[in-house]
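*Asks:* Handing you a structure now.
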Amino acid sequence: MKEQILYVLRTSETAVSGQELSEQLQVSRTAVWKTIRQLQEEGYQIEATQNRGYRLLAGPDMVSAWEVGSRLMDFHFLEDIYGFESVESTNKTAKELAEAGKQAPFLVLTKKQTGGRGRRGRSWSSAEDGAVMMSYCLKPEIEPAKASVLTLAAGLAVSEAIDEVTGLASQIKWPNDVIIAGKKICGILTEMSAEPDAVSHIVVGIGINVNVESFPDELKEKATSVFLEAKKRISRAELIAAVTRKFARCYEQFLIRQDMSALKEAYQVRLVNLDQVVQIERGGQSYRAVARGITDDGALLVEQKDGTMQEVLSGEVSVRGVYGYV
């Protein structure tokens with residue numbers, strides 16, 4: 001009921017009476033009053049005026065299933081949203097929920113993550129009070145080899161949502177980072193459970209530094225946050241809702257051809273690698289080339305010194321001016 005009341009109050013231009021809420025939600029006025037009181041105790045500023053009703057003035061920067069759900073009640077993409085106080089990782093929890101039979105697509109959120117992981121087995125460090133830590137669980141009918149392309153689709157969705165909500169200008173570092181001013185603001189980790197010829201489920205984990213006010217010395221030259229770049233705090237729930245709307249669109253376009261063809265132009269506009277000298281490290285070897293964009297299958301297309309073109313499917317790709325590479 002919390003998300004329903006928040007949705008009604010947030011979308012109403014005037015105060016909403018207890019009777020109106022009671023009739024819309026088909027519950028008693030006492031139930032409405034108790035839920036309003038709970039929301040007020042959790043930090044929501046809800047004005048109650050006699051003979052007029054309730055009006056939402058402001059809310060806390062809360063990452064909860066009902067707060068995010070209240071911003072998506074008019075948008076039918078997710079089957080459910082699961083919120084937790086603390087988990088080892090949202091990707092792991094999403095996998096467990098999928099294996100328990102929960103219907104996809106769904107979203108997992110947490111306030112605290114104790115064992116977050118990034119690409120290539122690295123740990124993902126997140127500030128509990130200022131980060132977004134979430135995972136989408138999907139069950140597309142696609143070939144397992146196509147799953148990794150969803151990382152790029154998610155990166156595009158996050159970049160577009162950050163710009164829309166904050167007014168900042170973010171970019172994408174292939175294949176899985178969103179950056180601002182040469183520093184990382186978001187990392188994405190896509191994991192799959194599949195049979196040889198069929199996908200059981202795909203989990204797309206996203207970590208975003210939102211209202212993080214500082215970083216330890218070893219990260220401050222490589223990481224940034226919305227707060228540090230925009231000089232203001234924003235609602236993490238609003239950003240999560242925006243990412244969800246953008247990701248749903250990108251996901252639908254991906255499913256048409258099971259590749260990036262419909263998203264490639266929008267992706268490459270944001271690609272910080274584009275036409276830049278990149279350093280590629282894979283298989284114990286390192287070389288430099290010029291990035292020329294991405295293929296429909298999501299590979300990074302690079303031009304070598306002799307003019308030949310090569311597709312980079314995996315490995316470390318460093319770009320000048322990003323994360324300190326000069």
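The values are calculated or read from the model by the stated rules, or taken from the named source; none is laboratory data. Quick caveat: nothing in here was measured; it's all calculated off a predicted structure. Cβ: placed from backbone, ideal geometry, glycine included. Neighbour counts: every protein chain shown.
*Asks:* Check every one of the helices (runs of 4 or more DSSP H) wholly within the range 1-67 and list those with 3 or more residues that are in contact with an Asp or Glu (Cβ under 7 Å, 6 or more places away or on another chain) and not aliphatic (A, V, I, L, M). Write out each step before concluding.
*Replies:* On the way: elements: 2-11, 18-25, 29-41.
Fully inside the range 1-67 and qualifying: nothing.
*Asks:* Looking only at residues that are surrounded by fewer than 19 Cβ atoms within 10 Å (Cβ to Cβ) and under 12 Å from Arg10 (Cα atoms) in the range 46-73, which one is nearest to the chain's Cα centre (by Cα)?
*Replies:* If we take residues in the range 46-73 being surrounded by fewer than 19 Cβ atoms within 10 Å (Cβ to Cβ) and under 12 Å from Arg10 (Cα atoms), then Met73 is nearest to the chain's Cα centre (by Cα).
*Asks:* Val269 is checked against (1) surrounded by 14 or more Cβ atoms within 10 Å (Cβ to Cβ); (2) closer than 18 Å to Cys186 by Cβ and fails just one. What number does that condition carry?
*Replies:* Tallying (1) surrounded by 14 or more Cβ atoms within 10 Å (Cβ to Cβ); (2) closer than 18 Å to Cys186 by Cβ, Val269 fails exactly one: (1).
*Asks:* Spot the failing condition for Gln4; the list is (1) buried (at least 16 other Cβ atoms within 10 Å of the Cβ); (2) more than 25 Å from the chain's Cα centre (by Cα); (3) farther than 27 Å from Phe227 by Cβ, and only one is missed.
*Replies:* Gln4 satisfies all of (1) buried (at least 16 other Cβ atoms within 10 Å of the Cβ); (2) more than 25 Å from the chain's Cα centre (by Cα); (3) farther than 27 Å from Phe227 by Cβ except (2).
*Asks:* Could we say that Ala153 is outside any strand (DSSP E or B), crowded, with 24+ Cβ neighbours inside 10 Å, out of contact with any Leu (no Cβ under 8 Å at 6 or more places or on another chain) and modelled with pLDDT of 95 or more here? Working first, answer last.
*Replies:* Details: outside any strand (DSSP E or B): yes; crowded, with 24+ Cβ neighbours inside 10 Å: yes; out of contact with any Leu (no Cβ under 8 Å at 6 or more places or on another chain): no; modelled with pLDDT of 95 or more: yes.
No; evaluated as a whole, the condition is false for this residue.
*Asks:* Follow-up. If we keep just the residues of the range 74-104 that are in a helix (DSSP H, G or I) and of a type in the set (A, V, I, L, M), which is nearest to the chain's Cα centre (by Cα)? Show your work before the answer.
*Replies:* Taking the range 74-104 first, the residues in a helix (DSSP H, G or I) are 90-99.
Subsequent filtering for residues that are of a type in the set (A, V, I, L, M) retains 94, 97-98.
Numbers: Ala94: 14, Leu97: 19, Ala98: 19 Å.
Selected residue: Ala94.
*Asks:* Report whether or not Gln285 is crowded, with 16+ Cβ neighbours inside 10 Å, of a type outside the set (Asp, Glu) and farther than 16 Å from Lys173 by Cα. Walk me through how you get there before you give the answer.
*Replies:* Values: crowded, with 16+ Cβ neighbours inside 10 Å: no; of a type outside the set (Asp, Glu): yes; farther than 16 Å from Lys173 by Cα: yes.
Taking the combined requirement at face value, the residue does not satisfy it.
*Asks:* Could you grab me the full set of residues in the range 310-323 that are at pLDDT 90 or above and either of a type in the set (Lys, Arg) or farther than 21 Å from Ala145 by Cβ (or both)?
*Replies:* Once the filter is applied, which keeps residues that are at pLDDT 90 or above and either of a type in the set (Lys, Arg) or farther than 21 Å from Ala145 by Cβ (or both), the range 310-323 yields nothing.
*Asks:* In addition: Restricting to the range 204-218, and then to whatever is β-branched (Val, Ile, Thr) and outside any loop (DSSP other than H, G, I, E, B), can you tell me which residue is nearest to Ile185 (Cα to Cα)? Don't jump to the end; show me each part of the working.
*Replies:* Our first condition is that a residue be β-branched (Val, Ile, Thr); within the range 204-218, this holds for 204, 206, 208, 210, 212.
Narrowing the set further to residues that are outside any loop (DSSP other than H, G, I, E, B) leaves 204, 206, 208.
Values: Val204: 17, Ile206: 11, Ile208: 6 Å.
Filtering first and then ranking leaves Ile208.
*Asks:* Can you tell me which residue among Glu221, Glu238, Glu252 is loosely packed, with under 14 Cβ neighbours inside 10 Å, under 23 Å from the mean Cα position of the chain (by Cα), at pLDDT 95 or above and of a type outside the set (Val, Ile, Thr)? Break it down stepwise before answering.
*Replies:* Working: Glu221 fails: at pLDDT 95 or above; Glu238 fails: loosely packed, with under 14 Cβ neighbours inside 10 Å.
The conditions single out Glu252.
Rundown of residues vs (1) assigned by TED's automatic domain parsing to the domain that holds Lys146; (2) within 17 Å of His76 (Cβ to Cβ); (3) touching a Ser or Thr at 6+ places or on another chain (Cβ under 6 Å), yes/no style:
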| site | (1), (2), (3) |
| --- | --- |
| Glu218 | yes, no, no |
| Glu221 | yes, no, no |
| Val226 | yes, no, yes |
| Glu229 | yes, no, no |
| Arg233 | yes, no, no |
| Ala241 | yes, yes, no |
| Thr244 | yes, yes, no |
| Ala248 | yes, yes, no |
| Phe254 | yes, no, no |
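*Asks:* Just a yes or no: is a residue in the range 70-93 closer than 17 Å to Val203 by Cα, without any contact (Cβ under 8 Å) to a residue 12 or more places away in the chain and hydrophobic (A, V, I, L, M, F, W, C)?
*Replies:* No: zero hits.
*Asks:* Could you identify the single residue in Val32, Val8, Val16, Val27 that is in contact with a helix residue (DSSP H, G or I) (Cβ under 7 Å, 6 or more places away or on another chain), among the β-branched types (Val, Ile, Thr) and more than 22 Å from Phe75 (Cβ to Cβ)?
*Replies:* Of Val32, Val8, Val16, Val27, the one residue that is in contact with a helix residue (DSSP H, G or I) (Cβ under 7 Å, 6 or more places away or on another chain), among the β-branched types (Val, Ile, Thr) and more than 22 Å from Phe75 (Cβ to Cβ) is Val32.
*Asks:* Pairs, please: C-beta under 9 Å, at least 6 apart or cross-chain, first residue without any contact (Cβ under 8 Å) to a residue 40 or more places away in the chain and in the range 42-69, second assigned to a strand (DSSP E or B) and among the charged types (D, E, K, R)?
*Replies:* Ile46/Arg55; Glu47/Arg55; Ala48/Arg55; Thr49/Arg55; Leu57/Glu47
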